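The block underneath contains the structure these notes are about, expressed in structure tokens.
The values are calculated or read from the model by the stated rules, or taken from the named source; none is laboratory data. Computed from a predicted structure; not experimentally measured. For neighbour counting, all protein chains shown are included, and Cβ atoms are generated from backbone atoms with ideal geometry for every residue, glycine included. What goes into the accessible areas is simple: the full protein's heavy atoms, side chains included, and nothing from ligands, DNA or RNA. Shrake-Rupley method; radii C 1.70, N 1.55, O 1.52, S 1.80 Å.
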Amino acid sequence: MMELDASKPTPASRGKAVSTQHSPPPLTSCQKFLSYLPMCGGWCIPNLSPEVTCVRNFSNENTMFKAFADSYRIRSYAEHSALMRRCGNCGVECAGRRRCSLMSFALLVSLFAWACFFIGACGMSVQASVLMKIPWTVTTFTREETDPSWKPVPGKVVFTEYWGIRGGVLTMQGVTLGIGPNGTVVWKVDSDAYTESAGKYGDPSWGCDVDSDSVSSGLFTPASAQAYTLFCTQCEGASRKAMIFVLFSVISHFLQVKKDLQRLTPYGDLNCQKFMGVVMGWISMITAFVSIIIYEMACSNQFPEELRGTVVKDGATYEVVAKAHRKMGLGVIFMMTGTCCKFVDGLIHLLVKTPAPKREPVADGITFVDYFLTCHEPTRFGQAIKEGSP
């Protein structure tokens, strides 16, 4: 009677990976607790990864979410389905052969993008010290040397506005606000004067209500006051939307770093991690881009192009105009840089295929450990170790 070779698939199992029921290493009570911590908990737990370098600590069966590992029902849709396996098959073979190098580069790009988003998000602050260093837009109103209205007015007069997502900072150099002969607010030239104030969009105590007793109320004639009030009204509503998109970009990026680490080795790579690496990476890119568009369209483009005021000198009054000079602030520059990095990160995930065994149908009910062990070949930095190599 012919004996069956256990190493060959039977007709019933051909085309599907067979579960061999490997047991994970025993864990202590502390290690079991750590196993429920997303991502970083698995760094300190024994695993069955055939990777021989320290990379094994960041890409193994314990660095995935515990609910995903314990539930085959979830994995049957999110990992083993035909759609996910087709997604894993997208890419180029040469990228797969350089998996660890490319995913390490993606990790560095993600961390850099995360830092850029975090710095750009500082534009949500209303602290003067923060906004003056990391504004989203800087608008400077200065006297035009060719403007004849300024000829009787000596010295340097500069108004600088540092705008963020929620508000801004106004600085006045070379001028103070005072009360004119008829009781109106006028500009008084003083070469040593410097004034600074910060506030939120729509805050009447700051400058968006030019009829109130605010710092900015004395900077406008009716024509420029109307433009300034319109700007504050539009920007107040847009700032809330921009904040949501900025916060989503910053928070979602934490999960993107996890995907970069998970895919460092063939053993730890998963179809769902590739799919989410592409989708979440580019969604984060789009939300960051949308936050910039919302801010530029509803806030930056609405900034007044000039300030009109009354200057008092030697008892005489002069109507003057300060022209605006606008430039992009560091906050927007960092957000745009992070957005470009997110495109690169998502592209790397798209190009790197998942390992061939992970793209094949699996046996019903296969355990999480057995699924990982379909890639059981020893590797060094994600590359198979050739026979005879140390």
Query raised in the report: Within the stretch 34-64, restricting attention to residues that are modelled with pLDDT of 80 or more and aromatic (Phe, Trp, Tyr), which residue is farthest from residue 272 (Cα to Cα)?
Result: 43
Requested in this report: Can you confirm whether the stretch 345-357 contains a residue that is touching a residue at least 12 places away in the same chain (Cβ under 8 Å), touching a strand residue (DSSP E or B) at 6+ places or on another chain (Cβ under 7 Å) and not polar (S, T, N, Q)?
Outcome: yes
Query raised in the report: residue 331: small (Gly, Ala, Ser), open to solvent by less than 40 Å² (accessible area, probe 1.4 Å) and farther than 30 Å from residue 95 by Cβ, yes or no?
Result: yes
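Any residue at all in the stretch 254-270 that is under 11 Å from the mean Cα position of the chain (by Cα) and open to solvent by less than 10 Å² (accessible area, probe 1.4 Å)? Working first, answer last.
So in the stretch 254-270, the residues under 11 Å from the mean Cα position of the chain (by Cα) come out as 254, 256.
Narrowing the set further to residues that are open to solvent by less than 10 Å² (accessible area, probe 1.4 Å) leaves 256.
Scanning the stretch 254-270, I find at least one residue that is under 11 Å from the mean Cα position of the chain (by Cα) and open to solvent by less than 10 Å² (accessible area, probe 1.4 Å), so the answer is yes.
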Requested in this report: Scan the stretch 135-146 residue by residue and report those that are open to solvent by 20 Å² or more (accessible area, probe 1.4 Å) and either modelled with pLDDT of 60 or more or under 30 Å from residue 333 (Cβ atoms) (or both).
Outcome: 140, 142, 143, 144, 145
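Restricting to the stretch 65-81, name every residue that is outside any helix (DSSP H, G or I) and either modelled with pLDDT under 80 or not polar (S, T, N, Q) (or both). Give the steps one after another, and end with the answer.
Taking the stretch 65-81 and keeping what is outside any helix (DSSP H, G or I), we get 65, 71, 79-81.
Hits for the stretch 65-81 are 65, 79, 80.
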**Report entry** Of all residues in the stretch 101-132 being part of a helix (DSSP H, G or I) and in contact with a strand residue (DSSP E or B) (Cβ under 7 Å, 6 or more places away or on another chain), the one that is farthest from residue 253 (Cα to Cα)
**Finding:** 128
Requested in this report: Can you work out which of the residues in the stretch 161-213 that are open to solvent by 20 Å² or more (accessible area, probe 1.4 Å) and among the β-branched types (Val, Ile, Thr) is modelled with the highest pLDDT?
Outcome: 195
Query raised in the report: Only one of 218, 237 is assigned to a helix (DSSP H, G or I), over 21 Å from residue 164 (Cβ atoms), at pLDDT below 75 and of a type outside the set (S, T, N, Q); which?
Result: 218
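Yes or no: the stretch 380-389 includes at least one residue that is among the acidic types (Asp, Glu), part of a helix (DSSP H, G or I) and at pLDDT below 90. Break it down into steps so the answer makes sense when it comes.
First pass over the stretch 380-389, keeping only residues among the acidic types (Asp, Glu): 387.
Remaining after also requiring part of a helix (DSSP H, G or I): none.
Looking through the stretch 380-389, none of the residues is among the acidic types (Asp, Glu), part of a helix (DSSP H, G or I) and at pLDDT below 90.
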Query raised in the report: Does residue 32 fit the bill of being among the basic types (Lys, Arg), open to solvent by 60 Å² or more (accessible area, probe 1.4 Å) and in contact (Cβ under 8 Å) with a residue 12 or more places away in the chain?
Result: no
Report task. Return the pairs, sorted by first residue and then second, in which the second residue is surrounded by fewer than 18 Cβ atoms within 10 Å (Cβ to Cβ) and of a type outside the set (Ser, Thr, Tyr), the first residue lies in the stretch 45-56 and is touching a residue at least 40 places away in the same chain (Cβ under 8 Å) and in a helix (DSSP H, G or I), the beta carbons are less than 7 Å apart, and the residues are 6+ apart or on different chains. Result -> 55/381
Report summary line: (1) modelled with pLDDT of 90 or more; (2) surrounded by 15 or more Cβ atoms within 10 Å (Cβ to Cβ); (3) over 16 Å from the mean Cα position of the chain (by Cα) all hold for residue 150 apart from (1)
